[in-house]
């Protein structure tokens with residue numbers, strides 16, 4: 001059973017407007033790290049918002065096609081419960097953080113899951129640990145720097161412990177240390193069986209991924225093992241995904 | 001004579017005990033491309049906000065064109081220094097993209113035909129022509145970035161500060177941005193780029209300032225600062 | 001002094017009730033003094049009080065004037081012909097209105113001496129449904145967001161080279177009107193994104209939720225609440241005994 005199965009997905013902002021997604025078929029196996037890349041406006045963020053159920057449950061727009069997460073159709077799961085299947089970290093940390101302290105922020109998800117206080121504390125500690133931000137435990141998220149906010153947002157979603165994780169342009173907003181920590185955390189999560197989809201511009205940031213899907217104008221034009229694609233910099237450069245000058249990894 | 005001069009500048013956020021910045025001594029010229037690098041939380045963004053007068057230093061003094069910064073109004077600073085925020089949504093407030101670009105010029109009494117021409121030029125250069133009448137907050141992050149840069153550049157300030165301008169841009173557009181910034185620099189405008197994109201910094205900057213723990217750790221004349229990579 | 005947030009909420013309710021009942025400036029001033037002392041005890045920065053009151057100054061001035069003029073009274077200070085314009089009683093009533101607002105605002109500041117998480121916990125432990133408690137907490141949290149939105153836009157506008165203080169009123173109003181829509185829209189968009197982010201972390205997946213930390217009353221809380229409640233009731237009944 002695939003972790004994510006997208007069949008014939010199309011999406012338009014309103015009927016009559018041009019399709020942002022033009023018939024996407026997309027299968028992700030459990031325990032994979034997949035990167036979705038493409039030029040800005042190609043639909044990669046929209047694809048992720050569809051998979052995580054946000055568009056279906058929160059936005060207008062015309063969506064057609066099937067999306068199955070861990071074998072379940074997202075139409076049949078209500079918005080909040082979908083979070084237990086797919087955890088999504090959004091691009092803008094300012095609208096994702098709303099608690100007075102980082103600890104409260106991370107505890108929010110396990111509290112929603114009705115876990116007992118000891119288990120909530122366990123998850124909070126684990127999330128802080130895995131991303132190396134234990135020193136920020138009592139900080140006010142509002143006053144953190146941009147990169148720190150991203151780490152907190154990621155920690156807050158990790159506390160859900162979902163089988164699938166989607167990151168919308170998180171790596172590119174971190175500094176070297178942050179990228180390293182998140183990269184390590186993601187690899188460890190993948191090794192423990194989690195499935196990870198990362199939307200990124202900066203291919204170098206996710207060179208450790210398993211497969212790379214390239215979108216162009218609402219269609220997937222290529223979905224291959226990352227190592228194979230990174231060995232063909234000219235193809236990637238032709239789609240503006242890496243600079244002609246440097247050699248991929 | 002330096003365009004922007006900071007002497008022993010320090011800053012602590014209200015209600016906090018430890019300073020965000022301390023002992024900052026810096027001069028920036030009007031015709032240099034300078035990069036500011038450093039880990040998250042090292043005070044880069046805070047320092048840039050002090051430079052444009054959005055925050056006031058708790059100690060030390062800042063001079064813009066040899067006059068104390070405190071004597072300038074925000075608008076006067078804005079005409080000399082263009083600032084692009086890390087989160088572009090913070091500086092977009094017009095109902096359409098075209099209006100966003102023309103806002104500064106129109107409200108300063110610029111000739112409508114000149115305004116129209118500039119708007120057309122920037123829309124074209126940043127590939128936003130298709131979004132001319134779109135609502136700015138609906139654009140994607142990368143598009144908002146381009147719009148914010150265009151709106152700030154339209155005012156033709158002498159100096160630009162860009163806070164993490166490459167975030168949200170794919171390689172192709174990063175290249176376009178670099179080209180444009182190079183062009184702007186060659187017209188004699190200075191630039192301060194805050195970025196942790198090493199490749200970008202190495203290609204663009206003649207001078208690299210490394211921040212750490214609220215202080216300037218090093219100020220190289222040339223790129224490639226190993227202390228930051230560690 | 002570490003008191004349970006619910007105790008502080010009770011204090012706010014008591015102080016506000018008394019402020020609504022009292023009519024004389026002397027009493028209201030005393031109430032204000034008590035509030036300030038409490039704020040100081042809870043480590044609230046006294047200098048910040050002015051910052052909170054400032055936005056209401058024009059409103060208070062307006063109400064003072066409305067309340068003072070044409071009020072009936074015995075000691076006439078100023079008259080137009082035979083119609084009393086300003087009387088001492090009128091001035092006293094005007095002062096009372098202003099002081100009342102001041103006390104209510106200052107009492108509300110007591111609510112900022114604890115975090116929004118404790119505020120939600122307090123309400124929830126008082127059996128308020130958690131969705132409601134969060135709604136109130138987020139709404140309160142949105143006031144600073146709105147304020148920030150406003151400050152951001154004003155800063156951004158100025159940084160584009162516009163001297164807001166120097167442009168003529170007509171142009172300024174026109175500009176505010178045009179900016180109003182994107183500002184409100186921007187804030188609403190943020191609100192929507194916030195709601196989505198909360199749902200993306202499972203908010204309202206179940207009819208109840210658990211909490212990492214719980215509030216607990218100690219004897220100090222009981223003592224303070226009893227003092228405040230009985231004190232308030234006595235003070236309110238007193239004029240009628």
Quiz item: Looking at this structure, is residue B:204 buried (at least 16 other Cβ atoms within 10 Å of the Cβ), in contact with a helix residue (DSSP H, G or I) (Cβ under 7 Å, 6 or more places away or on another chain), within 22 Å of residue B:157 (Cα to Cα) and modelled with pLDDT of 85 or more?
Solution: yes
Quiz item: For residue C:232, are the conditions met, namely being more than 10 Å from chain B (Cβ to nearest Cβ), in contact with a helix residue (DSSP H, G or I) (Cβ under 9 Å, 6 or more places away or on another chain), assigned to a loop (DSSP other than H, G, I, E, B) and surrounded by 17 or more Cβ atoms within 10 Å (Cβ to Cβ)?
Solution: no
Exercise. Considering only residues that are in contact with a strand residue (DSSP E or B) (Cβ under 6 Å, 6 or more places away or on another chain) and outside any strand (DSSP E or B), look in the stretch B:52-71 and name the one that is nearest to the other protein chains (Cβ to nearest Cβ).
Key: B:52
Practice problem: Within the stretch A:1-42, track down each residue that is away from chain B (no Cβ under 14 Å) and in a loop (DSSP other than H, G, I, E, B). | Solution: A:1, A:2, A:3, A:15, A:16, A:29, A:30, A:31, A:32
Quiz item: In the stretch C:184-217, which residues are at negative phi, in a loop (DSSP other than H, G, I, E, B) and either under 27 Å from the mean Cα position of the chain (by Cα) or touching a residue at least 24 places away in the same chain (Cβ under 8 Å) (or both)?
Solution: C:203, C:208, C:209, C:211, C:213, C:214, C:215, C:216, C:217
Self-check item: 1 or more residues free of Cβ contacts under 8 Å to residues at least 40 places away in the same chain, within 7 Å of chain C (Cβ to nearest Cβ) and under 28 Å from residue A:9 (Cα atoms): qualifying helices (runs of 4 or more DSSP H) within the stretch A:43-126
Solution: A:54-58, A:79-82
Exercise. Could you grab me the full set of residues in the stretch C:111-140 that are assigned to a loop (DSSP other than H, G, I, E, B) and under 18 Å from the mean Cα position of the chain (by Cα)?
Key: C:114, C:115
Quiz item: Would you say residue B:53 is closer than 18 Å to residue C:156 by Cα and buried (at least 17 other Cβ atoms within 10 Å of the Cβ)?
Solution: yes
Quiz prompt | Only listed residue being in a strand (DSSP E or B) and out of contact with any helix residue (DSSP H, G or I) (no Cβ under 9 Å at 6 or more places or on another chain), chosen from B:48, B:113, B:34 | solution = B:34
Practice problem: Could you list all residues from the stretch B:126-142 that are farther than 18 Å from residue B:177 by Cβ and either modelled with pLDDT under 80 or within 10 Å of chain A (Cβ to nearest Cβ) (or both)? | Solution: B:130, B:138
Quiz item: Got a number for residues in the stretch C:141-183 being assigned to a loop (DSSP other than H, G, I, E, B), at the interface with chain B (Cβ under 7 Å from one of its Cβ atoms) and loosely packed, with under 14 Cβ neighbours inside 10 Å?
Solution: 0
Self-check item: Verdict on residue C:55 being in a helix (DSSP H, G or I), surrounded by 10 or more Cβ atoms within 10 Å (Cβ to Cβ), modelled with pLDDT under 80 and assigned by TED's automatic domain parsing to the domain that holds residue C:35
Solution: yes
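The values are calculated or read from the model by the stated rules, or taken from the named source; none is laboratory data. Since this is a predicted model, take the numbers as computed values, not measurements. No Cβ is skipped: glycine too gets one built from the backbone with ideal geometry, and neighbour counts run over all protein chains shown.
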